[in-house]
Amino acid sequence: MKAFRLRAHLFAVVMIVALSSCGSAAIPEVPMVGVSRIIDAGASTTVLPKRKSNTISHPMRLIIPSVAIDAPVEEVGTQANADLATPTQNPWQDVGWYDQGPQPGERGSAVMDGHLDRPGGFPAVFWRLRDMHVGDEVLVRNSLGETIRFRVTRIELFPPQDAPIQDIFGNWGGIYLNLITCAGDWIPSQHQTNLRLVVYTSLVVK
Amino acid sequence: MEMKRNSGTLIGMLCLTIGMIGVLAFTMLFSPPKKTALAASPSYVRVIHASPFVGTADVFVDGTKLLSSFQFGAVTGYVAIPAGPHKVQIALVGRGIGASVLSETLAVSPGVAYTVAATGATPSSLALQVFIDSNLLSPGTARLRLYQLSPDAGSVSLDTGGDSLVSGVGYKSASNYLTIAPGSYTIGVDATSNTSLHVSATLKANTVTSVFAVGLVHGTPNIQLVTSQAQGLPALPNTGSDPNAITQENNVQSLAGWVWLVACSSLVFIGSSLFVRRFFLLARQ
């Protein structure tokens, strides 16, 4: 009797595992937005502060080791309503760099945005931006093969209509890279969340 | 018999461990985001020297020299300063803070951009005039604003090549932001004292241009137009998605997710029941 019960339990376990595999992969495919990889900072080239140069370059990848983000960068502009545009080529995997502002590494506030999630609530490229901390490192690799290093100085939440756009987009007092994504609660009537998360970073100079 | 009891215990532990890990992973994946405490953003201030009385000056903020040899008609870019009250003092160049001819407290709010004008043609009329700015861009068009800082020009109007855009802007006042098609213009400012001034400017798309009327109609420095153009700034993006949207992709993912949760919960139940059964067996012995 006891042997039968043991076999029954084992059978139940096997059946449940088998049934969970039907219709999809055994483990639901949560989209991974980048390979988790520790960057050997010592091997990268730090770009010193520079004035706007005549060399044509653009950011290619955004890498944030602390939250496992390693994403391609698209150029984005503005929408008809003056909002910063979001990536369109690969909306959920790419990060958008505002190409009307400075490049990462140039004086001023370079800005990148990325989606928090995709329709249905599954993670997108900046899902884990909310897990960042002051002091975290942010890396940008550009088309010239240079790696530009930044460090997080502030993390803030704003209602979008009350956000300090001069502070986010228009600080010419140094070299900054600011990251933006959505946060807070979804408001169906407005088709947006009630908050935006802004991660402020400053250039690391060796 | 002992081997059967041990295998039952091991199976129970395995089911319980796998099940708990699975349930924990599921809840962590869809846990609500943490909220971060708001921090005060700095204010942004640009300064224009519009006082015919002062001449070239040094400007001090909270006892520290901010601007040196600041000439009449000069306008700075926006500089970040902490929000809150600040003591602003203006002295003739090289005379030191102790010889300040103007001393005022300037209170600025977080995240707000300001134009601060040093004004006044006489010692008794020296004062700071503060304007709240908005550098939000207008997509594909240019924005324009007139600041009337000439003490004796009266109310002024602004036109572009004869097209009147705004009128009745009084001393120490600024117009609303005007939206205008990008292009090269001859901007005209007419004062009530039959004084007309013109300046050529290229108004680029997505920029914000400020036109300052400074100086004296009757006296020196003469009335003149000073322009300053800033890059317009976008509003924040909409980077969220409807969590309740049903798509073909997330239909499959959602179903798989729930099956996984049920499977793991079942393993927890089986593991727990094996341990309970083991407990009662031991209690009977």
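Restricting the first member to segment B:105-131 and to residues that are on the phi > 0 side of the Ramachandran plot, and the second to residues that are acidic (Asp, Glu) and modelled with pLDDT of 95 or more, the beta-carbon pairs closer than 7 Å and six or more apart or on different chains are B:Gly111/A:Asp167.
Flag set for B:Thr27, criterion: more than 11 Å from chain A (Cβ to nearest Cβ), modelled with pLDDT under 95 and exposed (fewer than 13 other Cβ atoms within 10 Å of the Cβ).
Of B:Val214, B:Val208, B:Val226, all but one fail to be at pLDDT 95 or above and in contact with a Phe, Trp or Tyr (Cβ under 6 Å, 6 or more places away or on another chain); the exception is B:Val226. Taken residue by residue, segment B:104-126 has at least one member that is part of a strand (DSSP E or B), surrounded by fewer than 18 Cβ atoms within 10 Å (Cβ to Cβ), of a type outside the set (A, V, I, L, M) and within 29 Å of the chain's Cα centre (by Cα). Can you tell me which residues in segment A:156-166 are more than 7 Å from chain B (Cβ to nearest Cβ) and either of a type in the set (Asp, Glu) or not in a helix (DSSP H, G or I) (or both)? Correct list: A:Phe158, A:Pro159, A:Asp162. Filter segment A:67-108 down to the residues that are among the hydroxyl-bearing types (Ser, Thr, Tyr) and crowded, with 18+ Cβ neighbours inside 10 Å, then identify the one that is farthest from A:Asp167 (Cα to Cα). Out of the qualifying residues, it is A:Thr86. For segment B:56-85, a residue qualifies if it is under 25 Å from the mean Cα position of the chain (by Cα) and outside any strand (DSSP E or B), and the qualifying residues are B:Asp62, B:Ala74, B:Thr76, B:Gly77, B:Tyr78, B:Pro82, B:Ala83. Among the residues here, A:Ala85 qualifies as under 16 Å from A:Phe169 (Cα atoms), small (Gly, Ala, Ser) and either facing another protein chain (nearest Cβ under 9 Å) or in contact with a Phe, Trp or Tyr (Cβ under 9 Å, 6 or more places away or on another chain) (or both). Filtering segment A:109-148 to residues that are surrounded by fewer than 22 Cβ atoms within 10 Å (Cβ to Cβ) and basic (Lys, Arg) leaves A:Arg128, A:Arg130, A:Arg141. Under the condition of being more than 7 Å from every other protein chain (Cβ to nearest Cβ) and either modelled with pLDDT under 95 or closer than 15 Å to B:Pro237 by Cα (or both), the residues counted in segment A:167-178 number 2. The condition (being away from chain B (no Cβ under 12 Å), touching a Ser or Thr at 6+ places or on another chain (Cβ under 7 Å) and either without any contact (Cβ under 8 Å) to a residue 40 or more places away in the chain or at negative phi (or both)) is satisfied by just one residue among A:Thr201, A:Thr153, A:Thr181: A:Thr201.
For the residues B:Leu158, B:Leu197, the requirement of being out of contact with any helix residue (DSSP H, G or I) (no Cβ under 7 Å at 6 or more places or on another chain), part of a strand (DSSP E or B) and within 30 Å of A:Pro164 (Cβ to Cβ) singles out B:Leu158. Against the definition (more than 8 Å from chain B (Cβ to nearest Cβ) and in contact with a Ser or Thr (Cβ under 7 Å, 6 or more places away or on another chain)), how does A:Val138 come out, yes or no? Yes; evaluated as a whole, the condition is true for this residue.
The values are calculated or read from the model by the stated rules, or taken from the named source; none is laboratory data. What you see is a predicted model; the values in this text were computed from it and never measured. Glycine gets a Cβ as well: all are built from the backbone with ideal geometry, and neighbour counts include every protein chain shown.
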